[in-house]
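Only one structure is covered here, and it is reproduced in the block below.
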Amino acid sequence: MPTTLERLPFGARIVVIRLRSMGDCVLTTPALRLLKQHRPDLRVAVVVEERFRSIFENNSDVQAILDPVVSAVATWKPLLALNLHGGSLSMALTVGSLAEWRAGFAHHFWSAAYNLKIPTAQEILGVERRVHTAEHLASAVFHLGVPVSEIPRARLGVASPPPMREPYAVIHAFASAEEKAWPVERFFEVADFLRGAMGLESVFLAGPDDDVTVLEGREVFAQPLGEVKALMSGASLFVGNDSGPAHVAAAFGVPVVVLFPNSDPEIWAPWRTSGAAVSPEGGDISVERVIEEIGTVAAAGKGPRES
């Protein structure tokens with residue numbers, strides 16, 4: 001029996017719905033890469049909120065980026081709609097796409113909207129363990145007909161080169177929830193170590209909703225996401241909380257030390273880059289342990305960066 005992708009004619013249009021957030025969007029790009037490697041003729045559009053649009057810009061695997069409104073999706077005239085989000089708005093967009101094939105994971109609450117229900121990643125990949133988010137998202141395109149294969153690194157493009165400056169580290173001291181954030185003063189200690197022991201100046205990354213007053217006296221980079229990508233692409237090291245910027249760093253192959261005070265690295269560790277995912281020992285993550293991990297990561301990353 002032919003797969004879904006085998007049924008699609010040459011040059012068919014697909015819409016992939018991934019509304020948010022930063023990490024999820026970044027970890028969708030390996031699935032897009034696999035899809036386009038298998039069927040380079042397909043025309044792929046991604047539906048995403050404006051604030052995360054830059055994740056998919058300058059990516060040759062994406063032919064269009066659409067606003068999350070039904071009229072925009074329907075105008076694209078997709079033959080296949082793949083919903084990787086699963087919420088109520090994404091379901092409305094899936095149905096409103098008028099696509100002949102509507103695919104999404106069977107566990108989604110409104111999965112009755114799908115005529116192609118995707119089973120669990122464990123079933124598709126033939127494993128019983130918990131899977132990484134990149135594996136979960138890639139399993140959808142495997143189910144549609146892409147041959148099961150190694151899942152590549154996330155893929156981000158930049159519109160401009162990284163800034164011309166001395167070697168630098170990017171530090172991200174913020175998180176989406178307070179319980180996911182390591183104390184900011186500990187990041188200051190790490191930054192002082194990087195300057196004194198490794199000759200790396202630290203750039204502290206901040207988003208539009210972050211309180212940068214806590215970073216007084218430090219170099220703060222609070223620019224649009226497209227500029228963040230450029231900055232990250234030239235970094236020598238990333239240190240930060242489990243958050244979207246950690247996945248951006250990993251997509252560029254930057255060595256990372258990512259702190260997981262209250263989240264699961266098995267599911268959310270940065271994908272396919274050298275680095276360390278640091279979880280609490282005895283209920284805490286010490287500065288000394290983070291510095292030790294930085295030394296290990298730096299020693300392992302002295303060779304050329306994997307592309």
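Here, each number is a calculation from the coordinates, and none is a lab measurement. Owing to the predicted nature of the structure, the values given are computational and were not obtained by experimental measurement. Please note: Cβ atoms are built from the backbone with ideal geometry, for glycine as well, and neighbour counts cover all protein chains shown.
Some observations on this one:
- Filter result (loosely packed, with under 14 Cβ neighbours inside 10 Å and either touching a residue at least 40 places away in the same chain (Cβ under 8 Å) or not in a loop (DSSP other than H, G, I, E, B) (or both)) within region 268-284: E281, D284
- Residues satisfying the stated conditions in region 3-23, i.e. surrounded by 20 or more Cβ atoms within 10 Å (Cβ to Cβ) and out of contact with any strand residue (DSSP E or B) (no Cβ under 9 Å at 6 or more places or on another chain): M22, G23
- Residues that are surrounded by fewer than 23 Cβ atoms within 10 Å (Cβ to Cβ) and either over 15 Å from the mean Cα position of the chain (by Cα) or charged (D, E, K, R) (or both), drawn from region 236-264: S236, F260, P261, N262, S263, D264
- Screening the candidates A175, A159 for the property of being touching a residue at least 40 places away in the same chain (Cβ under 8 Å), closer than 24 Å to T29 by Cα, among the aliphatic types (A, V, I, L, M) and surrounded by fewer than 20 Cβ atoms within 10 Å (Cβ to Cβ) yields one hit, A159.
- The residues of region 75-91 that are buried (at least 17 other Cβ atoms within 10 Å of the Cβ) and in a helix (DSSP H, G or I), listed by number, are W76, S90, M91.
- Top-ranked residue in region 15-38 [being among the charged types (D, E, K, R) and assigned to a helix (DSSP H, G or I); ranked as farthest from the chain's Cα centre (by Cα)]: K36
- Which numbered condition G145 misses (of (1) under 13 Å from L35 (Cα atoms); (2) under 17 Å from the mean Cα position of the chain (by Cα); (3) not aliphatic (A, V, I, L, M)): (2)
- Going through (1) part of a loop (DSSP other than H, G, I, E, B); (2) within 22 Å of H247 (Cβ to Cβ); (3) in contact with a helix residue (DSSP H, G or I) (Cβ under 8 Å, 6 or more places away or on another chain) one by one, V148 falls short only on (2).
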